[in-house]
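The values are calculated or read from the model by the stated rules, or taken from the named source; none is laboratory data. Note that the structure is predicted; figures quoted are calculated from it, not measured.
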Amino acid sequence: MSGELTLRLPAELSARIAAETFSGGIRSDFGSVDEAEHGPGKRLRATAGAGTARIELETFSGDLEIVRR
């Protein structure tokens, strides 16, 4: 669960996106990133379009990047 992850998604995407990392960073073209109030961790919850599909991403120490094509 360590290592960087880049996900390129179409601009016309219809999905609910959930992403979490314990000690890495999150950069996303969809939604905004929340940082844990106490301790490490970042998460993203976003809906693109109608939200018909579901995308879940998780890393322990790697960065996540979600890019709109």
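Of all residues in segment 31-48, exactly one satisfies the criterion of being modelled with pLDDT under 95 and closer than 16 Å to Ala11 by Cα, namely Gly31.
Okay, residues lined up against (1) at positive phi; (2) hydrophobic (A, V, I, L, M, F, W, C):
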| residue | (1), (2) |
| --- | --- |
| Arg8 | no, no |
| Glu20 | no, no |
| Gly24 | no, no |
| Val33 | no, yes |
| Ala36 | no, yes |
| Gly39 | yes, no |
| Arg54 | no, no |
| Val67 | no, yes |
